[in-house]
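Handing you a structure now.
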Amino acid sequence: MSDSPIVIRKLEKKDLGKATRFVSRMMRWTAKTHSKGGYSRESLDHFISTATRTLDLALKDPSHYCILALKGREISGIALGQVLGGVSRIDWLAVSPESHRQGIGKKLVAAVESQMRKRGCHKVTLFISNSHIPAIGLYLKWGMVPEGSLKQHLWGGDYIVMSKWLERKI
């Protein structure tokens, strides 16, 4: 499977079960690996249920989106978000640990940007835990800039608001 090409595409109904399991696994891995002191049970449950709802909404509501990175038949990365008022909010982006350093994160953010340009968005934004250094590095390389900080935000965690402005075609 390591030699399989990476395929980037939108979530399809047939992917929902695998995508839901991937989200749960990755949320738990991220909480364990990149959060100072771990996430509370309440926050982890909230983040998993919100991401799972977004997966479902991506199939039904055009303002939501889900982009998959597939290696063979396995999901190796996901980007989830919503578009509102010309702004794309990335709610969650993850690449499985066994697929790190293979360019999958770069491909996912490029796919988000491409899709958002087609939708006429002028900005992509997200907030990220300030302890998740690899993700912050990816977003900086993509051209995002820190726009603000959220101190003691959700469940007391500190976050960085990052954004990238997209050129609008008039």
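Looking for something assigned to a strand (DSSP E or B), among the hydroxyl-bearing types (Ser, Thr, Tyr), without any contact (Cβ under 8 Å) to a residue 40 or more places away in the chain and closer than 20 Å to Thr30 by Cβ - is there at least one such residue anywhere in segment 85-93?
No; the residues of segment 85-93 include none that is assigned to a strand (DSSP E or B), among the hydroxyl-bearing types (Ser, Thr, Tyr), without any contact (Cβ under 8 Å) to a residue 40 or more places away in the chain and closer than 20 Å to Thr30 by Cβ.
Related question: Quick check: is even one residue across segment 96-116 among the aliphatic types (A, V, I, L, M), at pLDDT 90 or above, assigned to a strand (DSSP E or B) and surrounded by 14 or more Cβ atoms within 10 Å (Cβ to Cβ)?
For segment 96-116, residues among the aliphatic types (A, V, I, L, M), at pLDDT 90 or above, assigned to a strand (DSSP E or B) and surrounded by 14 or more Cβ atoms within 10 Å (Cβ to Cβ): absent.
Can you tell me which condition Ser149 does not meet? The list is (1) at pLDDT 90 or above; (2) touching a Phe, Trp or Tyr at 6+ places or on another chain (Cβ under 9 Å); (3) within 26 Å of Ser4 (Cα to Cα); (4) not charged (D, E, K, R), and all the others hold.
Of the numbered conditions (1) at pLDDT 90 or above; (2) touching a Phe, Trp or Tyr at 6+ places or on another chain (Cβ under 9 Å); (3) within 26 Å of Ser4 (Cα to Cα); (4) not charged (D, E, K, R), the odd one out for Ser149 is (3).
On the basis of being among the aromatic types (Phe, Trp, Tyr) and under 12 Å from the mean Cα position of the chain (by Cα), does Tyr159 make the cut?
no
Scan segment 99-119 for residues that are touching a residue at least 24 places away in the same chain (Cβ under 8 Å) and of a type in the set (Ser, Thr, Tyr) and jot them down.
Ser99
Taking Ser163, is it surrounded by 17 or more Cβ atoms within 10 Å (Cβ to Cβ) and in a strand (DSSP E or B)?
yes
The values are calculated or read from the model by the stated rules, or taken from the named source; none is laboratory data. The model shown is predicted, which means the values in this text are computed figures rather than measured ones. Virtual Cβ from ideal backbone geometry, glycine too; neighbours counted across all protein chains shown.
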